[in-house]
Protein chains: 2
Amino acid sequence: MNGNIIVGQSGGPTAAINSSLAGVYRTAKDRGARKVFGMLHGIQGLLQERYIDLSDYIKNDLDTELLKRTPAAFLGSCRFKLPEIHEDREVYEKIFGILDKLDIEAFIYIGGNDSMDTIKKLSDYAIVTGHPTRFIGCPKTIDNDLALTDHTPGYGSAAKYIGTSIKEIIRDSFCLEYEKGVVTIVEIMGRNAGWLTGSASLSRGEDCCGPDLIYLPELPFDLKKFGEKVKNLLSSKSSVVIAVSEGLRLSDGRYVCELGQSLDFVDAFGHKQLSGTANYLASYVAGEIGCKTRSIELSTLQRSGSHLASRVDILEAYQVGGAAVKAADEGDSGKMVVLNRISDDPYQCGTKVKDVHKIANDEKLVPRKWMNEEGDYVAEEFINYVRPLIQGDVSPIMVDGIPRHLFRPV
Amino acid sequence: MNGNIIVGQSGGPTAAINSSLAGVYRTAKDRGARKVFGMLHGIQGLLQERYIDLSDYIKNDLDTELLKRTPAAFLGSCRFKLPEIHEDREVYEKIFGILDKLDIEAFIYIGGNDSMDTIKKLSDYAIVTGHPTRFIGCPKTIDNDLALTDHTPGYGSAAKYIGTSIKEIIRDSFCLEYEKGVVTIVEIMGRNAGWLTGSASLSRGEDCCGPDLIYLPELPFDLKKFGEKVKNLLSSKSSVVIAVSEGLRLSDGRYVCELGQSLDFVDAFGHKQLSGTANYLASYVAGEIGCKTRSIELSTLQRSGSHLASRVDILEAYQVGGAAVKAADEGDSGKMVVLNRISDDPYQCGTKVKDVHKIANDEKLVPRKWMNEEGDYVAEEFINYVRPLIQGDVSPIMVDGIPRHLFRPV
């Protein structure tokens with residue numbers, strides 16, 4: 001490697017995305033890259049020629065360690081869908097013009113499904129035009145919904161945060177007794193895929209009963225059956241805790257959160273913006289049963305809770321960043337690095353590269369057989385899958401009682 | 001000490017209340033107590049003769065360490081207001097009958113304002129009737145609103161959780177750019193006292209700008225001025241993060257959360273149940289400015305987030321539990337243990353006991369001069385006060401990737 005590389009971050013924040021950035025930077029430098037540019041706010045920022053030289057920010061090993069512990073996207077992120085090449089060639093010409101000006105040998109994009117779409121289009125354009133820049137995708141999403149990879153960096157840390165927080169919520173909810181019991185409904189991210197919601201099961205163990213019910217978005221949600229289940233649970237325990245996906249839908253396709261409010265906001269990729277599923281279900285239970293209810297949204301805390309990151313996740317994110325640079329250096333393009341699990345116990349996992357055309361815009365859902373028959377909990381297979389991904393800790397570097405992050409003035 | 005002691009927990013859960021319980025248990029055993037009973041769900045459970053022998057649960061030093069790291073009330077809690085003695089003598093006769101049956105020498109109650117009211121009434125009754133049992137209160141509340149004590153166990157850990165989470169939310173909120181900016185409003189507990197909301201300022205440091213505005217419930221909230229401040233901030237930055245107390249009120253006394261919804265639920269102490277302040281303000285900002293908004297409630301996570309507990313807090317909670325037993329053993333009754341700060345830097349703090357009559361039902365608020373002139377941030381004095389209380393960590397004892405707690409089957 002003797003040219004420059006540029007790296008960008010895209011999509012929602014995670015606790016591990018900056019560890020991948022650290023892996024890209026260190027590996028690029030180790031392999032002889034002259035400059036490592038970071039595009040600010042992904043491809044959208046690059047189109048405005050907003051970028052930095054990462055060596056201005058990562059000056060020593062401590063900075064690398066801080067970057068690995070800094071949540072959200074250090075470079076800033078975007079949700080920007082490139083047009084099809086035949087729809088708007090100009091955008092592509094502009095991007096490649098900037099890449100030429102910066103003498104970019106490899107373009108690494110860290111992101112989820114939508115970001116892999118970007119890698120696919122840019123590498124296609126490069127092939128069509130005979131442009132030498134290589135394009136490699138680095139998986140990242142707390143949603144864990146990318147195809148072909150065993151799991152995605154960012155998921156393990158979010159799962160660890162969710163498992164721990166649910167356990168603390170369960171402890172909290174048993175404290176006070178209410179005449180008709182108390183029902184706590186916790187809303188977890190994941191529009192279509194239940195990987196995050198299912199990780200609520202990690203709270204279960206010798207010292208904790210875990211949530212009583214877990215509802216993933218993969219299955220239609222039956223409101224009446226749900227109400228009966230809750231009523232039944234309250235007859236034998238004083239506190240019921242339920243984990244629900246933000247994306248629960250009735251069998252007629254309506255989102256549960258739509259039942260209580262009007263929804264008119266849609267993001268740039270046409271995704272509906274959801275909120276209020278737990279809120280609606282808590283009101284429903286209060287109305288049907290008359291017990292005390294509480295709704296909790298784990299909100300953005302679950303994706304940016306780097307103080308509780310999984311060591312496996314942070315190290316794999318770093319490794320995946322490094323593997324992306326290595327792949328580009330070895331001539332690959334239009335590929336995404338994937339995690340390849342070799343065994344569950346002992347957990348072993350390596351990296352491979354796969355064709356990004358097979359990944360982009362394909363969503364990996366929780367298999368039906370990884371849920372119980374009733375569809376209101378995950379099965380052992382699910383727990384065996386996720387458990388290795390939350391192992392180990394990355395101690396925050398504490399300064400004056402608060403975790404220190406790597407700072408980029410904005 | 002050669003009789004038995006009984007200990008109870010009351011009021012809202014915290015991350016440190018069980019460390020006080022551990023301090024009570026260990027000190028009582030060290031001082032020769034025969035049995036240490038734990039009342040289940042406080043005085044309410046005691047009235048139903050629900051109690052356990054704590055030695056059935058705390059069997060060794062590891063159990064003590066786990067108990068110190070277990071959030072919420074290990075014994076269960078209650079919100080139960082004793083009647084005045086002249087109103088209902090029977091309740092008192094019942095309680096003292098149970099204490100006699102169990103041969104109770106000392107009664108320790110870990111809780112907040114309402115719990116100190118219980119200690120006051122029970123010790124008054126003992127004095128009036130010449131009963132020998134001693135009654136000592138152990139302060140506990142994340143709200144930090146107890147009079148006469150420098151601060152309360154539970155507050156430091158909640159403040160550390162809030163400071164850390166706000167910092168992660170700030171990082172998260174800067175990731176994605178929106179045309180008109182993004183405003184994130186974080187709702188923090190504290191009905192009348194702003195100690196918790198003010199601790200959002202702990203996120204500010206060399207690597208973080210901290211929240212842009214902090215609104216405590218001690219001052220009347222001006223909606224119009226707030227809207228203008230936000231608009232002004234958005235002209236110079238892309239992401240604005242605001243910390244607000246759940247208990248914000250307009251100058252006419254109405255709660256901000258009442259503006260958007262009807263409120264009809266009042267708890268046993270006549271406190272209004274609040275929720276939705278951030279939600280209302282986020283809609284207000286979206287309507288006035290048209291920018292993207294997000295509301296986040298830290299909810300029960302802030303009080304039970306023991307995985308991020310402050311070492312100073314956990315050790316002080318333990319110390320306060322021990323001091324309560326010592327006071328009872330030395331003949332004190334009708335007293336509460338208080339924390340007595342000797343210096344800020346280096347931080348030094350000891351314990352004393354004070355007359356519970358001077359504490360019960362009195363609420364300590366944030367002094368006006370600990371806020372800025374505009375009333376939309378805390379002053380340096382506030383930060384100097386809280387900073388020592390969040391120092392140090394109590395590493396969770398991790399088992400298979402999740403913090404382990406001490407388990408009591410319920």
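The values are calculated or read from the model by the stated rules, or taken from the named source; none is laboratory data. Bear in mind the structure is a predicted one, so any value in this text is a computation, not a measurement. Cβ sites come from the backbone with ideal geometry, for glycine too, and all protein chains shown count toward neighbours.
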Worksheet item: Taking B:A33, is it away from chain A (no Cβ under 14 Å), crowded, with 24+ Cβ neighbours inside 10 Å and under 20 Å from B:E105 (Cα atoms)?
Response: no
Fill in: Filtered residue count, segment A:155-187, keeping only those that are at the interface with chain B (Cβ under 7 Å from one of its Cβ atoms), more than 28 Å from the chain's Cα centre (by Cα) and in contact (Cβ under 8 Å) with a residue 40 or more places away in the chain
2
Worksheet, complete the sentence: Result of the Cβ filter at 7 Å on segment A:343-359, keeping first residues that are within 13 Å of A:N113 (Cα to Cα) and partners that are surrounded by 12 or more Cβ atoms within 10 Å (Cβ to Cβ) and among the acidic types (D, E), at least 6 apart or interchain, is none
Fill in: Yes/no for A:L47 being modelled with pLDDT of 95 or more and buried (at least 19 other Cβ atoms within 10 Å of the Cβ)
no
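Mind checking which residues of segment A:367-387 are in a helix (DSSP H, G or I), farther than 14 Å from A:S201 by Cβ and either within 14 Å of chain B (Cβ to nearest Cβ) or free of Cβ contacts under 8 Å to residues at least 24 places away in the same chain (or both)?
So in segment A:367-387, the residues in a helix (DSSP H, G or I) come out as A:368-370, A:380-387.
Now narrow it down to the ones that are farther than 14 Å from A:S201 by Cβ: A:368-369.
Correct list: A:K369 only.
Look through A:G392, A:G375 and report the one residue that is of a type outside the set (S, T, N, Q), farther than 22 Å from A:L75 by Cα, modelled with pLDDT of 95 or more and in contact with a Pro (Cβ under 9 Å, 6 or more places away or on another chain).
On the way: A:G392 fails: in contact with a Pro (Cβ under 9 Å, 6 or more places away or on another chain).
Just one listed residue meets the conditions, A:G375.
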Worksheet item: Considering only residues of segment B:99-115 that are buried (at least 19 other Cβ atoms within 10 Å of the Cβ) and acidic (D, E), which is nearest to B:G154 (Cα to Cα)?
Response: B:D114
Practice prompt. Among residues belonging to segment B:319-340 that are of a type outside the set (A, V, I, L, M) and either free of Cβ contacts under 8 Å to residues at least 24 places away in the same chain or touching a helix residue (DSSP H, G or I) at 6+ places or on another chain (Cβ under 8 Å) (or both), point out the one that is surrounded by the most Cβ atoms within 10 Å (Cβ to Cβ).
Written response: B:G321
Discussion item. Conditions first: (1) under 20 Å from the mean Cα position of the chain (by Cα); (2) of a type in the set (D, E, K, R); (3) surrounded by 18 or more Cβ atoms within 10 Å (Cβ to Cβ). A:D376 passes all but one, so which condition is the exception?
Written reply: (1)
Worksheet item: Is it the case that B:A106 is in a helix (DSSP H, G or I), touching a Lys or Arg at 6+ places or on another chain (Cβ under 7 Å), modelled with pLDDT of 95 or more and not β-branched (V, I, T)?
Response: no
Worksheet item: So, in segment B:303-318, of the ones that are more than 10 Å from chain A (Cβ to nearest Cβ) and either surrounded by 24 or more Cβ atoms within 10 Å (Cβ to Cβ) or over 17 Å from the mean Cα position of the chain (by Cα) (or both), which residue ends up nearest to B:V386 (Cα to Cα)?
Response: B:D313
Item to complete: Kindly establish whether B:R368 is basic (K, R) and closer than 17 Å to B:G198 by Cβ.
Response: yes
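Yes/no matrix, rows are residues, columns are (1) within 26 Å of A:K167 (Cα to Cα); (2) small (G, A, S); (3) touching a strand residue (DSSP E or B) at 6+ places or on another chain (Cβ under 6 Å):
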site	(1), (2), (3)
B:Q9	yes, no, yes
B:R50	yes, no, no
B:N60	yes, no, no
B:A72	yes, yes, no
B:R89	no, no, no
Practice prompt. Considering only segment B:28-73, state which residues are out of contact with any Ser or Thr (no Cβ under 9 Å at 6 or more places or on another chain) and more than 19 Å from B:L102 (Cβ to Cβ).
Written response: B:D30, B:K59, B:N60, B:D61, B:L62, B:D63, B:T64, B:E65, B:L66
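For (1) farther than 19 Å from A:A15 by Cα; (2) out of contact with any helix residue (DSSP H, G or I) (no Cβ under 7 Å at 6 or more places or on another chain); (3) within 14 Å of chain B (Cβ to nearest Cβ); (4) charged (D, E, K, R), each residue gets a yes or a no:
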position	(1), (2), (3), (4)
A:C78	no, no, yes, no
A:P83	yes, no, no, no
A:R89	yes, yes, no, yes
A:Y92	yes, no, no, no
A:L102	yes, yes, no, no
A:F107	yes, no, no, no
A:G112	no, yes, yes, no
A:A126	yes, yes, no, no
A:T129	yes, yes, no, no
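Where residues in segment B:72-98 are in a helix (DSSP H, G or I) and of a type in the set (A, V, I, L, M), which of them is surrounded by the most Cβ atoms within 10 Å (Cβ to Cβ)? Don't jump to the end; show me each part of the working.
Start the filter on segment B:72-98 by keeping residues that are in a helix (DSSP H, G or I), which leaves B:89-98.
Next, from what is left, pick out any that are of a type in the set (A, V, I, L, M): B:91, B:95, B:98.
Values: B:V91: 16, B:I95: 20, B:I98: 17.
Only one residue tops the list, namely B:I95.
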Worksheet item: So B:I359 fits all but one of (1) surrounded by 15 or more Cβ atoms within 10 Å (Cβ to Cβ); (2) at pLDDT 95 or above; what number is the exception?
Response: (2)
Worksheet item: Of the residues that make up segment A:86-106, is at least one assigned by TED's automatic domain parsing to the domain that holds A:R311, in contact (Cβ under 8 Å) with a residue 24 or more places away in the chain, under 17 Å from A:V7 (Cα atoms) and under 26 Å from the mean Cα position of the chain (by Cα)?
Response: yes
Worksheet item: Restricting attention to segment A:158-196, which residues are under 19 Å from A:G375 (Cα atoms), among the charged types (D, E, K, R) and either surrounded by 24 or more Cβ atoms within 10 Å (Cβ to Cβ) or in contact with a Ser or Thr (Cβ under 7 Å, 6 or more places away or on another chain) (or both)?
Response: A:E187
